[in-house]
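Data first, discussion second: the structure below is written as structure tokens.
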Amino acid sequence: MANSRTVGVLGLGYVGLPLACAAVGAGHRVIGYDPDEVRVASLCAGSSPVEDVEDRLLEKSLASGLLSFTGNAGDLTACDVFVICVPTPLHDKTPDLTMVDSAVDAVAAALHPGDLVVLESTTYPGTTEDRLAPRIAELSGLHAPRDYHLVFSPERIDPGNPDYGLQNTPRVVGGLGPAAGAAAAEFYSSFIDQVHVVSGPREAEMAKLLENTYRHVNIALVNEMAIFCDELGVDLWEAIGAASTKPFGFAAFTPGPGVGGHCIPVDPSYLSWRVRRLGYPFRFVELAGEVNDRMPSYVASRVADILNRDRLSVSGARILVLGVAYKRDLGDMRESPAPVLISRLESQGAIVRWHDPHIPAQPLRGTQAVPVEGALTPVELSGADLVIIHTDHAAYDVADVVRHSRRVFDTRNMTAEHRAAHVTRL
Ligand SMILES: NC(=O)c1ccc[n+]([C@@H]2O[C@H](COP(=O)([O-])OP(=O)(O)OC[C@H]3O[C@@H](n4cnc5c(N)ncnc54)[C@H](O)[C@@H]3O)[C@@H](O)[C@H]2O)c1
């Protein structure tokens, strides 16, 4: 391949590993670096920790001879492209960029004039220009845009989405200077169908936060509506379906037991943290956070109402929670509202069991809940006073759940076609 590069991918998780495999598929040589030695060893053995990357693809990429993994940052000196895909968590609603800083230090030590450096980790507007550029200059003596190309390009991956993956999700790039944007566009175009270049890193950083804040706020809107629609006797799910028939000006969002995952509950706080430093709050984000964070408690209160109707109390009730992952058909528990909901029910005396075909049986942090191993059986369903559908995994046979359960509280509208007196929807 004419423009084949040697790419260092720093951070081999949900974002970095698919990128590494895609770049190999385009003929680039890739050195994946991660300080987690256990992860590196399992990747070298062809075992993928990421659901969107099958072992088969990883093995094929390794067999091509173009992909290698290392726990030694010194191996990155062979690279001329560096892509940083490390976590950017929040602590007390404050961004923690320590992992970005240490990845940047590794890049600075390996950087040569003319190289391309891309930050993909989600962060607040200004990080690339105000934090990365000076740090790299101090450590390497190289200045962007004069000596090398510095770019922000957000990963927009939607884990588990069967229609949109890395290749057909348009890529946004914003470089420090036009040459940097062009260099990044050339690199990403080798394995992504469409690249959209914006004028600088700030716009690219903001684009990512706008997308996720938009989702966060709209989910909060329907969650708040779900609360009052129950009292108004309105079927919100049907109203959402009806509004969705409008071919313009409306995008459907659905309520649920709370928001989870690595992005939606976290990313908007990056923006509100940055806005707060201007001296005022970002009220939309703060309100949305409040509404979404309240949902597990609201679901627990609806459970109490359902039991009450039959003269039962939460105290002593046997409750089975179906699905604890934050999202349909994924085995990802990050920021899932399920443990919060369960501990809320347990604090009121419920005896909770949980089942999830995508999550291995294990203790759930902060709860006493007992995992149900193996397939979901009629005996398990009928043994519960109430079954909560928390995550709408396709593996669940809803007709069976409705048939065998005594009471169902469905937070995902899985039972739309299976209405019955003992089934209540959010
Ligand atoms: N998961 C998603 O769906 C998603 C989507 C879009 C954006 N993002 C963003 O991408 C970034 C990475 O997220 P992720 O989900 O891939 O995280 P992850 O936890 O799955 O993987 C990150 C990896 O980085 C490694 N790491 C930590 N410090 C490092 C360092 N100094 N150098 C190299 N590697 C290091 C960790 O060991 C880990 O293996 C975050 O900023 C996240 O917000 C994630």
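In the range 7-26, which residues are within 8 Å of the ligand (Cβ to nearest atom) and in contact with a helix residue (DSSP H, G or I) (Cβ under 7 Å, 6 or more places away or on another chain)?
Leu10, Gly11, Leu12
Assuming Ala421 fulfils every condition listed in (1) more than 21 Å from Leu312 (Cβ to Cβ); (2) surrounded by fewer than 19 Cβ atoms within 10 Å (Cβ to Cβ) apart from one, which condition is it?
Among (1) more than 21 Å from Leu312 (Cβ to Cβ); (2) surrounded by fewer than 19 Cβ atoms within 10 Å (Cβ to Cβ), Ala421 violates only (1).
Under the condition of being within 23 Å of Gly241 (Cβ to Cβ) and of a type in the set (S, T, N, Q), which residue from the range 395-416 is surrounded by the most Cβ atoms within 10 Å (Cβ to Cβ)?
For the range 395-416, the residue satisfying everything is Thr411.
This table checks each residue for (1) in the same structural domain as Ser382 (by TED's automatic domain parsing); (2) among the β-branched types (Val, Ile, Thr); (3) touching a Phe, Trp or Tyr at 6+ places or on another chain (Cβ under 9 Å).
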| site | (1), (2), (3) |
| --- | --- |
| Val285 | yes, yes, no |
| Ile306 | yes, yes, yes |
| Leu312 | yes, no, no |
| Ala325 | yes, no, no |
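Of everything in the range 80-92 that's more than 17 Å from the chain's Cα centre (by Cα) and in a loop (DSSP other than H, G, I, E, B), which residue is farthest from Gly174 (Cα to Cα)?
Step by step, filter the range 80-92, then rank; the result is Asp92.
Return yes when Leu19 is surrounded by 14 or more Cβ atoms within 10 Å (Cβ to Cβ) and under 18 Å from the mean Cα position of the chain (by Cα) and no when it is not.
So Leu19 fits the description; yes.
Suppose we keep only residues that are of a type in the set (D, E, K, R) and surrounded by 13 or more Cβ atoms within 10 Å (Cβ to Cβ) within the range 84-126. Which one would you say is nearest to the ligand (Cβ to nearest atom)?
Restricting to residues being of a type in the set (D, E, K, R) and surrounded by 13 or more Cβ atoms within 10 Å (Cβ to Cβ), the top hit is Glu120.
Is it fair to say Phe69 is in contact with a Cys (Cβ under 8 Å, 6 or more places away or on another chain) and within 15 Å of the ligand (Cβ to nearest atom)? First the steps, then the outcome.
Values: in contact with a Cys (Cβ under 8 Å, 6 or more places away or on another chain): yes; within 15 Å of the ligand (Cβ to nearest atom): yes.
Judged against the criteria, Phe69 is a match.
What number of residues within the range 363-404 are assigned to a loop (DSSP other than H, G, I, E, B) and touching a residue at least 60 places away in the same chain (Cβ under 8 Å)?
Qualifying residue count, the range 363-404: 10.
Out of (1) buried (at least 21 other Cβ atoms within 10 Å of the Cβ); (2) more than 10 Å from the ligand (Cβ to nearest atom); (3) more than 27 Å from Asp329 (Cβ to Cβ), what's the single condition that is false for Arg29?
Condition (1) is where Arg29 drops out.
Is it the case, given these coordinates, that Val324 is on the phi < 0 side of the Ramachandran plot and either polar (S, T, N, Q) or in a helix (DSSP H, G or I) (or both)?
When the stated conditions are applied, Val324 does not pass them.
Taking the range 127-144 only, how many residues are touching a residue at least 40 places away in the same chain (Cβ under 8 Å) and either away from the ligand (no atom under 11 Å from the Cβ) or in a loop (DSSP other than H, G, I, E, B) (or both)?
Here the count works out to 3.
What is the one condition in (1) over 20 Å from Ser190 (Cα atoms); (2) buried (at least 18 other Cβ atoms within 10 Å of the Cβ) that Leu62 does not satisfy?
Unmet condition: (1).
Has the range 329-340 got at least one residue that is over 21 Å from the mean Cα position of the chain (by Cα), crowded, with 20+ Cβ neighbours inside 10 Å and of a type in the set (Val, Ile, Thr)?
For the range 329-340, residues over 21 Å from the mean Cα position of the chain (by Cα), crowded, with 20+ Cβ neighbours inside 10 Å and of a type in the set (Val, Ile, Thr): absent.
The values are calculated or read from the model by the stated rules, or taken from the named source; none is laboratory data. Please read all numbers here as calculations on a predicted model, not as lab measurements. Every residue, glycine as well, gets a Cβ built from its backbone with ideal geometry; the counts of neighbours run over all protein chains shown.
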